[in-house]
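**Student:** Pasting a structure here, questions to come.
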Amino acid sequence: MRFLLFPMSMVSLLLTGAIFGFFFAWVCSTMWGLDQLDPNIAIQAMQAMNASVRNGVFAPAFFGTPVALLLTAGIGWKCGARPAAVWFALAAVIYLAGGLILTMQVNVPMNEALGRLSAPLDPQKAAQVWSDYSPVWQFWNQLRTGMSGVALLCVGIGLVTLPRAAR
C-alpha cells in the first residue's frame with residue numbers, strides 16, 4: 001500500500017491545483033472580461049461557457065478532487081503517515097464544502113437561471129440581468145477560489161509532512 005502513497009499524493013496535488021486554477025481564472029480574467037462587454041453579449045458568452053464546461057476534461061478535477069484527496073488520506077493513514085493523512089483529509093473537507101458543494105448550491109443554480117433566458121434581451125433588461133448576476137456570482141466564485149486555494153495549501157503541507165521513505 002505504501003507504494004501508492006506518493007503517486008496518489010501527486011494525483012491529489014494535480015487535481016487540487018487544476019480546480020483551484022480553473023476557479024482562479026474566472027476571478028482574474030474571465031468575469032472581468034465579460035463585464036467589459038455589452039450585457040447581451042456577456043449573457044450569451046456566459047451561457048455558452050456554462051454549457052460547455054460539463055465535459056470529460058473538467059469533470060475529473062471538479063468531482064475527482066475530493067475522491068483523490070480522501071484516498072490519499074486513507075492510504076497515508078494506513079501507512080502510518082498520519083500527519084500527512086490529516087492534511088489530505090482536511091484538504092478534502094475544505095474543497096468538498098467550499099468548492100464542490102458551494103458550486104452546486106450557488107453557482108450552478110445561478111448559471112441555470114441565466115441559461116433559461118433567451119438572449120438577446122431588451123438592452124435595459126440585459127443590463128439589469130447582468131448587473132444582478134455578475135457581482136453575486138463573482139462573490140461566490142471568489143469564495144470557492146479561496147477555499148480551493150486553502151485546500152491546495154493543505155495538500156502542499158501534506159506533501160511536506162510525508163515521511164521521506166514515501167517521497
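The values are calculated or read from the model by the stated rules, or taken from the named source; none is laboratory data. Values in this document were obtained by computation on a predicted structure and should not be read as measured data. Cβ sites come from the backbone with ideal geometry, for glycine too, and all protein chains shown count toward neighbours.
**Student:** Looking at the stretch 57-98, which of its residues are surrounded by fewer than 19 Cβ atoms within 10 Å (Cβ to Cβ) and not in a helix (DSSP H, G or I)?
**Tutor:** Those that are surrounded by fewer than 19 Cβ atoms within 10 Å (Cβ to Cβ) and not in a helix (DSSP H, G or I): VAL57, GLY80.
**Student:** Do the conditions hold for GLY33, that is, is it out of contact with any helix residue (DSSP H, G or I) (no Cβ under 8 Å at 6 or more places or on another chain) and not in a helix (DSSP H, G or I)?
**Tutor:** No: the conditions fail for GLY33.
**Student:** Among (1) part of a helix (DSSP H, G or I); (2) hydrophobic (A, V, I, L, M, F, W, C); (3) in contact (Cβ under 8 Å) with a residue 40 or more places away in the chain, there is one condition ILE101 misses while meeting the rest; what is its number?
**Tutor:** (3)
**Student:** Which count do you get for residues in the stretch 129-144 that are touching a residue at least 60 places away in the same chain (Cβ under 8 Å) and either touching a strand residue (DSSP E or B) at 6+ places or on another chain (Cβ under 8 Å) or exposed (fewer than 15 other Cβ atoms within 10 Å of the Cβ) (or both)?
**Tutor:** So the answer is 1.
**Student:** Output the number of the condition that ALA42 fails; it satisfies all remaining conditions of (1) at pLDDT below 95; (2) in a helix (DSSP H, G or I).
**Tutor:** Going through the list (1) at pLDDT below 95; (2) in a helix (DSSP H, G or I), ALA42 breaks only (1).
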